[in-house]
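Let me give you the structure first, and then I'll get to my questions.
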Amino acid sequence: MPGGESFTIALFLTTAGILLGASAVFSGATRRLGLPVGLVFVGIGILAGREGIGHVGFDDVAFAWRLGTVALVLILFDGGLNTPAASFRVAVWPASVLATAGVAGTAAAVGVAARLLGFPWELALLLGAVVSSTDAAAVFSILRTSGVQLQKRVGATLELESGLNDPMAVILTVALTEQLATGRPLGWRTAAELVLKLAGGGVAGLAIGHAGRWVLGRVRLPVGGLYPVLTAALAFLSFGLPELFHGSGFLSVYVAAVIVGNGPIPFRGGVLRAHDAGAWFLQVSMFLVLGLLAVPSRILHAWPVGLALGAFLLVARPLVVVPILALFGYRWPERLYVGWVGLRGAVPVVLALVPILAQAPGAERVLDAVFFVVLVNTVVLGLTVRRGARRLRLQTARPPPPQGLVEISPSRPLDAAIDTFYVDPASAVANSRLADLPPFPAGSAVLMILRGDDLLPARGATELLPGDHVYVLTRPEDRPFVHLLFGEAEEG
């Protein structure tokens, strides 16, 4: 290897290692504050950028767009894998309306505000479209790392909406960018293309999801490490194929992931952890690249307009969301909370790169304003997500996750499962010895008990204490008896 090339690679990997390591270490502060972790990553990228202390020169917008697209595909796929079918049944219709009409309404409201602040109509509507959707990465990360345990309908609505609304924002952004770049007005064809693109993405997601589920249930790979490779291939196919035929790849990838995730997956625990790690790696990389791409001296000129639009968005989204959720019978606290928690993260910044790639006039003004909109949104909402849920009494008393982690991942679908049950103080089995419980059916048994960091064997004299997590081998025909004894199983 030539000496110059070797030095370049070494310098690149060293820089990447420092930035990724610093981002991971300092992300702990965001958990305590309730902020999306992307805020820290973007900040580190800006500090390392051309006008920061690192002086790293980076201006490859095309690379940033490609990285953002790949990252969003895998983030959506990871979110879909972890979305239970019950969430779809509970909130799919209100979430779908929010992901379409809600996004369009928010885009229009922000567009009007941007016009009043001096943007031309074309740029104003484009800016509204760019910031119109909630960010799947931001919503997934803050709901899963902030300790907020929301009531099922509220949490399901927020997660489903964030997974479903990116296609609408992307379609609007691309259409308005083409209008700005070419001068052609939008018409009925744009609306027809929007409907066809969403329909194509939905159908493709259903087809690829069921096909992937069938493959995973029948293919036997030689080593467990290949299963995440196969599911990653499904993620890329579920995005790429519909996009080749003018369907929505983002909608397709989320729908396919939900179907795959609710079916049998060999080595399930390992596959989910691999996707979670991959999504986090790409999310960190994406935020860092966007931070490196920022030009602070130019962005600072846009702070009055950016802060004003960021503040207006905090009001505009509830004004759009509250009446929509009223149609589905949501209570006032639920409507207010879902309307308030419209987290924005890196997706609006990635979408703001579309007009720059198209060399549309005024595109940099949109990007500069979006940085401040995202900043206001993440800081204000990040600090109020937990407090708002508590004040509106929308938190649920779900059992705390176990301090330790015990997981058994079968390599193929089995005719029995290992369910985990939390021993609540009011549980029928609390403070009882295993020997005193009613006799279990022949096909089921208590395997072990996790108490804090201690793993205890299941013996007759073992007492079940409040706070224990009990692992029970259960066959399908025995589940009614086991659930009657222990209550509902914990979610994975």
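The values are calculated or read from the model by the stated rules, or taken from the named source; none is laboratory data. Computed from a predicted model, the values in this text were never measured in an experiment. Here the Cβ positions follow ideal geometry from the backbone for every residue, glycine too, while neighbour counts run over all protein chains shown. These area figures cover heavy atoms from the full protein model, side chains too; ligands, DNA and RNA do not enter into them. Shrake-Rupley method; radii C 1.70, N 1.55, O 1.52, S 1.80 Å.
Condition test on LEU221, is it surrounded by 14 or more Cβ atoms within 10 Å (Cβ to Cβ) and part of a helix (DSSP H, G or I)?
The answer is no for LEU221.
Closer than 22 Å to LEU67 by Cβ, crowded, with 20+ Cβ neighbours inside 10 Å and not β-branched (Val, Ile, Thr): is that true of LEU237 in this structure?
When the stated conditions are applied, LEU237 does not pass them.
Run TYR471 past the list (1) part of a strand (DSSP E or B); (2) aromatic (Phe, Trp, Tyr); (3) in contact with a helix residue (DSSP H, G or I) (Cβ under 9 Å, 6 or more places away or on another chain) and report the number of the one that doesn't hold.
Exception for TYR471: condition (3).
Then there is this: Working carefully through the options LEU473, LEU456, find the one that is touching a residue at least 12 places away in the same chain (Cβ under 8 Å) and of a type in the set (A, V, I, L, M).
Criteria check complete, one pass: LEU473.
Looking only at the stretch 290-323, count every residue that is touching a Gly at 6+ places or on another chain (Cβ under 6 Å) and within 20 Å of GLY128 (Cα to Cα) and tell me the total.
The number of residues fulfilling the criteria is 5.
Exactly one condition in (1) over 24 Å from TRP121 (Cβ atoms); (2) in a loop (DSSP other than H, G, I, E, B) is not met by ARG184; state its number.
(1)
Give the residues of the stretch 191-210 that are closer than 18 Å to LEU81 by Cβ and open to solvent by 50 Å² or more (accessible area, probe 1.4 Å), sorted by residue number.
Once the filter is applied, which keeps residues that are closer than 18 Å to LEU81 by Cβ and open to solvent by 50 Å² or more (accessible area, probe 1.4 Å), the stretch 191-210 yields LEU206, ALA207, HIS210.
Okay, moving on. So which residues in the stretch 259-274 are more than 30 Å from LEU196 (Cα to Cα) and either buried (at least 20 other Cβ atoms within 10 Å of the Cβ) or within 20 Å of the chain's Cα centre (by Cα) (or both), if there are any at all?
Those that are more than 30 Å from LEU196 (Cα to Cα) and either buried (at least 20 other Cβ atoms within 10 Å of the Cβ) or within 20 Å of the chain's Cα centre (by Cα) (or both): ILE265, PRO266, PHE267, ARG268, GLY269, GLY270, VAL271, LEU272, ARG273, ALA274.
Do we find a residue being surrounded by fewer than 24 Cβ atoms within 10 Å (Cβ to Cβ) and without any contact (Cβ under 8 Å) to a residue 12 or more places away in the chain anywhere in the stretch 302-320?
The answer is yes, given that some residue of the stretch 302-320 is surrounded by fewer than 24 Cβ atoms within 10 Å (Cβ to Cβ) and without any contact (Cβ under 8 Å) to a residue 12 or more places away in the chain.
Of all residues being among the acidic types (Asp, Glu), surrounded by fewer than 15 Cβ atoms within 10 Å (Cβ to Cβ) and farther than 14 Å from ASP424 by Cα in the stretch 458-492, which is farthest from the chain's Cα centre (by Cα)? Just the residue, please.
So, considering only residues that are among the acidic types (Asp, Glu), surrounded by fewer than 15 Cβ atoms within 10 Å (Cβ to Cβ) and farther than 14 Å from ASP424 by Cα, the one farthest from the chain's Cα centre (by Cα) is GLU477.
Here is a further query. Give me the pairs, please: first residue somewhere in the stretch 362-385 and in contact (Cβ under 8 Å) with a residue 24 or more places away in the chain, second residue anywhere and part of a helix (DSSP H, G or I) and of a type in the set (Asp, Glu), beta-carbon distance under 9 Å, and either six or more positions apart or on two chains.
Listed by first residue and then by second, the contacts come to GLY362/GLU122.
Among the residues that make up the stretch 331-341, is at least one of them closer than 17 Å to GLY111 by Cβ, among the aromatic types (Phe, Trp, Tyr) and in contact with a helix residue (DSSP H, G or I) (Cβ under 9 Å, 6 or more places away or on another chain)?
No, the stretch 331-341 contains no residue that is closer than 17 Å to GLY111 by Cβ, among the aromatic types (Phe, Trp, Tyr) and in contact with a helix residue (DSSP H, G or I) (Cβ under 9 Å, 6 or more places away or on another chain).
Quick one: which of ALA64, ALA124 is open to solvent by less than 50 Å² (accessible area, probe 1.4 Å), assigned to a helix (DSSP H, G or I) and modelled with pLDDT under 90?
Result of the check over ALA64, ALA124: ALA64.
For the stretch 329-403, please list each of the helices (runs of 4 or more DSSP H) lying entirely inside it that holds at least 1 residues being closer than 21 Å to GLN283 by Cβ and open to solvent by 40 Å² or more (accessible area, probe 1.4 Å).
363-391
Test LEU176 against the stated conditions and say whether it is within 24 Å of the chain's Cα centre (by Cα) and either surrounded by fewer than 15 Cβ atoms within 10 Å (Cβ to Cβ) or in a helix (DSSP H, G or I) (or both).
Considered against the rule, which asks whether it is within 24 Å of the chain's Cα centre (by Cα) and either surrounded by fewer than 15 Cβ atoms within 10 Å (Cβ to Cβ) or in a helix (DSSP H, G or I) (or both), LEU176 comes out as no.
A further question follows. Just to be sure before I move on: is VAL305 of a type in the set (A, V, I, L, M), out of contact with any strand residue (DSSP E or B) (no Cβ under 7 Å at 6 or more places or on another chain) and under 30 Å from GLY21 (Cβ atoms) in the structure I sent?
Spelling it out, it is not the case that VAL305 is of a type in the set (A, V, I, L, M), out of contact with any strand residue (DSSP E or B) (no Cβ under 7 Å at 6 or more places or on another chain) and under 30 Å from GLY21 (Cβ atoms).
For the stretch 429-457, what are the residues that are within 13 Å of ASP468 (Cα to Cα), open to solvent by 60 Å² or more (accessible area, probe 1.4 Å) and part of a loop (DSSP other than H, G, I, E, B)?
If the condition is that a residue be within 13 Å of ASP468 (Cα to Cα), open to solvent by 60 Å² or more (accessible area, probe 1.4 Å) and part of a loop (DSSP other than H, G, I, E, B), then ASN431, ASP453 are the ones that fit.
Further, regarding this structure: Quick check: is even one residue across the stretch 267-286 of a type in the set (A, V, I, L, M) and farther than 30 Å from PHE58 by Cα?
Among the residues of the stretch 267-286, at least one is of a type in the set (A, V, I, L, M) and farther than 30 Å from PHE58 by Cα, which makes the answer yes.
Would you please list the contacts, defined by Cβ atoms under 6 Å and residues six or more apart or on different chains, that run from a residue in the stretch 101-116 that is touching a residue at least 60 places away in the same chain (Cβ under 8 Å) to a residue that is among the charged types (D, E, K, R)?
Every condition considered, the pairs that remain are THR106/ARG317.
State the number of residues belonging to the stretch 224-234 that are open to solvent by less than 30 Å² (accessible area, probe 1.4 Å) and not small (Gly, Ala, Ser).
Total meeting the criteria: 4.
Considering only the stretch 294-328, state which residues are at pLDDT 90 or above and not in a helix (DSSP H, G or I).
Listed by number, the residues that qualify are LEU327, PHE328.
Turning to a different aspect of this structure: If you scan the stretch 244-258, which residues turn out to be among the hydrophobic types (A, V, I, L, M, F, W, C) and surrounded by fewer than 24 Cβ atoms within 10 Å (Cβ to Cβ)?
LEU244, PHE245
Charged (D, E, K, R), touching a residue at least 24 places away in the same chain (Cβ under 8 Å) and more than 21 Å from ALA279 (Cα to Cα): does that describe ARG220?
In short, yes.
Is it fair to say VAL130 is closer than 25 Å to LEU325 by Cβ, open to solvent by 50 Å² or more (accessible area, probe 1.4 Å) and over 14 Å from the mean Cα position of the chain (by Cα)?
For VAL130, the condition - closer than 25 Å to LEU325 by Cβ, open to solvent by 50 Å² or more (accessible area, probe 1.4 Å) and over 14 Å from the mean Cα position of the chain (by Cα) - is not met.
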